[in-house]
1. If we keep just the residues of the stretch 139-162 that are in contact with a Gly (Cβ under 9 Å, 6 or more places away or on another chain) and not aliphatic (A, V, I, L, M), which is most open to solvent (accessible area, probe 1.4 Å)?
2. In the stretch 121-138, what residues are in a helix (DSSP H, G or I) and open to solvent by less than 50 Å² (accessible area, probe 1.4 Å)?
3. Among the residues in the stretch 100-109, are any touching an Asp or Glu at 6+ places or on another chain (Cβ under 8 Å), open to solvent by 40 Å² or more (accessible area, probe 1.4 Å) and not hydroxyl-bearing (Ser, Thr, Tyr)?
4. Quick check, is Arg68 at positive phi, open to solvent by 60 Å² or more (accessible area, probe 1.4 Å) and not β-branched (Val, Ile, Thr)?
5. For the stretch 146-170, enumerate the residues that are in a helix (DSSP H, G or I) and more than 16 Å from Tyr119 (Cβ to Cβ).
6. Please identify the pairs in which a residue from the stretch 74-98 that is closer than 9 Å to Tyr119 by Cα has its Cβ atom under 8 Å from the Cβ atom of a residue that is modelled with pLDDT under 90 and β-branched (Val, Ile, Thr), counting only partners at least 6 apart or on another chain.
7. For the stretch 75-94, which residues satisfy the criterion of being open to solvent by 20 Å² or more (accessible area, probe 1.4 Å), out of contact with any strand residue (DSSP E or B) (no Cβ under 9 Å at 6 or more places or on another chain) and either within 17 Å of Asp132 (Cα to Cα) or in a loop (DSSP other than H, G, I, E, B) (or both)?
8. Would you be able to say whether some residue in the stretch 34-48 is buried (at least 16 other Cβ atoms within 10 Å of the Cβ) and under 25 Å from Tyr129 (Cα atoms)?
Amino acid sequence: LAHTPLRSLKELDRPYLPAAELYALAGRPDRARALLAQYAAEVKDPALRRDQEPERHNALGEIALAERRPLDAVVEFRAGDQLPDGPVNECIPCLPAALGRAYDQANMPDSAIAMYERYLAEPAVPIYYLLDAQFLAGIHKRLGEMYEARGDRDRAVSHYLQFVALWKDADPELQPKVTQVKQRLAHLRDVERR
């Protein structure tokens, strides 16, 4: 954005909303809000704004998560998944991935587990291939932790194993997380043997 100001692009090509989501995901909700304000000031076409309204709600949901307001994020993510005439798109697993993160942050483990499991149960949507790249390993790790906390060793082990398999070749700076999960697996197996 520093090299290519949004105003220099055609209105239809300006990525205000995806950029706002990325800023929020990166822990910069202030920058995300600034982009939403710029969007509101510069995008005047009512048809374009109506078409992009779900994406604006998703950006607001990511901002709410970044600001530690998970229940507000739930409302925004749900609004971001619907149009007056039905679903926004064919990405069925997109909403459960977002809601799982929000419920997890809200310390609502039953709802988080339900959403994460729903995400895993949905078939991958080829045009949304980055969804699994972004969330799949983390969801398995988090489900392992939540099932372990509940004393459900079998499910915890299953999800931990899937996390380790997905991240076995992760970058060196990520390997400590893999090591941590392997230690949890060893602990769970030791408990089972006793």
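The values are calculated or read from the model by the stated rules, or taken from the named source; none is laboratory data. As the structure is a prediction and not an experimental result, all values here were calculated from the model. Don't worry about glycine lacking a Cβ; one is built from the backbone with ideal geometry, like all the others, and counts go over all protein chains shown. These accessible areas exclude ligands, DNA and RNA; they are computed on the full protein's heavy atoms, side chains included. Shrake-Rupley method; radii C 1.70, N 1.55, O 1.52, S 1.80 Å.
1. The residue in question is Arg155.
2. Leu131, Phe135, Leu136, Ala137, Gly138
3. No: zero hits.
4. When the stated conditions are applied, Arg68 passes them.
5. Glu148, Ala149, Arg150, Arg153, Asp154, Ala156, Val157, Tyr160, Leu161, Val164, Ala165, Trp167, listed by residue number.
6. From the stretch 74-98, the pairs are Ile92/Val125; Pro93/Val125.
7. Those that are open to solvent by 20 Å² or more (accessible area, probe 1.4 Å), out of contact with any strand residue (DSSP E or B) (no Cβ under 9 Å at 6 or more places or on another chain) and either within 17 Å of Asp132 (Cα to Cα) or in a loop (DSSP other than H, G, I, E, B) (or both): Pro84, Asp85, Asn89, Glu90, Ile92, Cys94.
8. no
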